[in-house]
Amino acid sequence: MNKIGIVNYQYSNHNYGAVLQAAALHFYINHTLGYESEHINFIPQGAKPKLKTKLKSIINRYLRDLGLKEKKIEHASFINPEIFEEFRQKWLPRSDNTYHSFEQIKQANLNYTHAIVGSDQVWRPSYADSSALVYFLAFLNNDVKKISYAASFGNDFWELNEQDTKKFADEVKQFTAVSVREISGVDICKNTFGVDAQHVLDPTLLVGRAFFDSVIGEAIPKDNSDIVFYKLDIDDKFEKCIEDTSSNFSFSNKNIYYSSQGRKYYYRPVSDWLSDIRESKLVITDSFHCVCFAILFEKPFLYYPNDNRGLARLESLLALLGLENHIYRGDVDPAELAKSLMNIDYSEVNQKLAKLRDGSAKFLYDALA
């Protein structure tokens, strides 16, 4: 029987989308396709904050309190990153051994028939840094069938120069099947790596809403709000957008990324985060996966881009679903734009999504056959 190893950013202790898409892919492979899969527990060196990082975070926190530094909350400031590990233990089976470097995982001689890399921005070298080749499955023996599912470059261009690209192109050519999360990724694969790729849905959209309803279970927070927003880097302009939108609708609002008590910041449990989106009336975010969940739960939403995280990943999806007007591009008042986006015909969106889901499901079925 096929035994499938999956590689992505499942180890994240701050990113809801990373752990949820990982769980969605595992669930789909095991419960829909009937295979046995687990995540290869690769946690790159430096993924956990070091003492130096924590000290820097404390200093920056006091500088912000004094008005000497811009508002930005760093991951090391949070009290309870273990909520992500609690989610993994329930929903995300992993390999018995943990690996922290390319050399270490290569020497493990892992015994899988197939390996899948994806989804998320696993093919964005600046994110993976020194571990980039791990996410091109270069550590595996040649007899393992290598597959990418919804791998993302993050941008509509490949980040590296020609000299550094060759080793990655050589690895992609060893793949049995290649799929990417954005249409622009199809062009990158063809023009940069010389391979054909298929455009597929992110695992969260592939698996569908029922799985996430089961994750939520009975977790319905008591402090639900009409507007929920999820954005890491909150500046004055974004705060004004939230305030004005709340005022226009006479809606309450809630930051679902974290709660705070004084200088202490707390992540919300993963199930609560999902429930907050499901029970809301409007979602405002700069997150790809938060938009995915707004769509799955059939919620009005406004995508408020963050230039540093890449716009191509959302433009591609929203264009296919006829929702590209939900991107705030800085040319209108975002609060007024939000008002115009409240009535989405989700019957039409779901029809388009169903067709895309069929193609994505066929790709994965054929790749693992």
Any chance the stretch 15-29 includes a residue that's at pLDDT 95 or above, under 24 Å from residue 113 (Cα atoms) and of a type in the set (Phe, Trp, Tyr)? yes
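Would you confirm, using the coordinates I've provided, whether residue 263 is closer than 27 Å to residue 75 by Cα, of a type in the set (Lys, Arg) and open to solvent by 40 Å² or more (accessible area, probe 1.4 Å)?
Working: closer than 27 Å to residue 75 by Cα: yes; of a type in the set (Lys, Arg): yes; open to solvent by 40 Å² or more (accessible area, probe 1.4 Å): yes.
Considered against the rule, which asks whether it is closer than 27 Å to residue 75 by Cα, of a type in the set (Lys, Arg) and open to solvent by 40 Å² or more (accessible area, probe 1.4 Å), residue 263 comes out as yes.
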If residue 189 passes every condition in (1) out of contact with any strand residue (DSSP E or B) (no Cβ under 8 Å at 6 or more places or on another chain); (2) open to solvent by less than 20 Å² (accessible area, probe 1.4 Å) but one, which one does it miss? (1)
Of all residues in the stretch 196-215 being under 23 Å from residue 176 (Cα atoms) and in a loop (DSSP other than H, G, I, E, B), the one that is nearest to the chain's Cα centre (by Cα): 202
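Among what's in the stretch 200-228 and is β-branched (Val, Ile, Thr) and either open to solvent by less than 20 Å² (accessible area, probe 1.4 Å) or modelled with pLDDT of 95 or more (or both), pick the residue that is nearest to residue 136 (Cα to Cα).
Step one: list which residues in the stretch 200-228 are β-branched (Val, Ile, Thr), which gives 200, 204, 207, 215-216, 220, 227-228.
Filter again for either open to solvent by less than 20 Å² (accessible area, probe 1.4 Å) or modelled with pLDDT of 95 or more (or both), leaving 200, 204, 207, 215-216, 227-228.
Details: 200: 18, 204: 22, 207: 24, 215: 30, 216: 33, 227: 39, 228: 36 Å.
Step by step, filter the stretch 200-228, then rank; the result is 200.
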Selection within the stretch 38-92 - assigned to a helix (DSSP H, G or I), open to solvent by less than 50 Å² (accessible area, probe 1.4 Å) and at pLDDT below 75: 57, 60, 61, 64
Scan the stretch 326-336 for residues that are free of Cβ contacts under 8 Å to residues at least 12 places away in the same chain and open to solvent by less than 60 Å² (accessible area, probe 1.4 Å) and jot them down. 330
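Could you list, in sequence order, the residues of the stretch 340-367 that are touching a residue at least 60 places away in the same chain (Cβ under 8 Å) and either basic (Lys, Arg) or open to solvent by 40 Å² or more (accessible area, probe 1.4 Å) (or both)?
From the stretch 340-367, those touching a residue at least 60 places away in the same chain (Cβ under 8 Å) are 342, 353, 356-357, 359-361, 363-367; that's our starting set.
Across the stretch 340-367, the qualifying residues are 342, 356, 357, 365, 366.
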In this structure, is residue 323 open to solvent by less than 20 Å² (accessible area, probe 1.4 Å), on the phi < 0 side of the Ramachandran plot, free of Cβ contacts under 8 Å to residues at least 60 places away in the same chain and out of contact with any His (no Cβ under 9 Å at 6 or more places or on another chain)? yes
Pull up the stretch 141-165, narrow it to residues that are under 23 Å from residue 4 (Cβ atoms) and among the charged types (D, E, K, R), then point me to the one that is most open to solvent (accessible area, probe 1.4 Å). 143
Failed condition for residue 197, given (1) over 18 Å from residue 8 (Cβ atoms); (2) open to solvent by 10 Å² or more (accessible area, probe 1.4 Å), with all others met? (1)
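Quick one: which of 277, 284, 295 is β-branched (Val, Ile, Thr), buried (at least 18 other Cβ atoms within 10 Å of the Cβ) and more than 20 Å from residue 238 (Cα to Cα)?
On the way: 277 fails: more than 20 Å from residue 238 (Cα to Cα); 284 fails: more than 20 Å from residue 238 (Cα to Cα).
Of 277, 284, 295, the one residue that is β-branched (Val, Ile, Thr), buried (at least 18 other Cβ atoms within 10 Å of the Cβ) and more than 20 Å from residue 238 (Cα to Cα) is 295.
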In the stretch 333-367, the residues that are more than 21 Å from the chain's Cα centre (by Cα) and closer than 13 Å to residue 179 by Cα: 362, 365, 366, 367
Taking the stretch 305-320 and keeping only residues that are free of Cβ contacts under 8 Å to residues at least 40 places away in the same chain and under 24 Å from residue 226 (Cα atoms), one is left with 305, 314, 318
Could you check how many residues of the stretch 117-138 are more than 28 Å from residue 290 (Cβ to Cβ) and out of contact with any Asp or Glu (no Cβ under 9 Å at 6 or more places or on another chain)? 1
All positions within the stretch 295-316 that are closer than 23 Å to residue 120 by Cα, touching a Leu at 6+ places or on another chain (Cβ under 9 Å) and at pLDDT 95 or above: 295, 296, 297, 299, 301, 302, 303
Scanning the stretch 133-162 for residues that are of a type in the set (Asp, Glu) and under 30 Å from residue 286 (Cα atoms) gives 156, 159
Go over the candidates 295, 284, 344 one by one and state the one that is touching a Phe, Trp or Tyr at 6+ places or on another chain (Cβ under 7 Å) and β-branched (Val, Ile, Thr). 284
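Could you list all residues from the stretch 207-233 that are of a type in the set (A, V, I, L, M, F, W, C) and touching a strand residue (DSSP E or B) at 6+ places or on another chain (Cβ under 8 Å)?
Restricting attention to the stretch 207-233, the residues satisfying the condition of being of a type in the set (A, V, I, L, M, F, W, C) are 207, 210-212, 215-216, 219-220, 227-229, 232.
Answer for the stretch 207-233, where residues must be of a type in the set (A, V, I, L, M, F, W, C) and touching a strand residue (DSSP E or B) at 6+ places or on another chain (Cβ under 8 Å): 227, 228, 229.
The values are calculated or read from the model by the stated rules, or taken from the named source; none is laboratory data. Predicted, not measured: the structure shown is a model, and the values here were computed from it. No Cβ is skipped: glycine too gets one built from the backbone with ideal geometry, and neighbour counts run over all protein chains shown. Note: areas computed on protein heavy atoms with side chains; ligands, DNA, RNA excluded. Shrake-Rupley method; radii C 1.70, N 1.55, O 1.52, S 1.80 Å.
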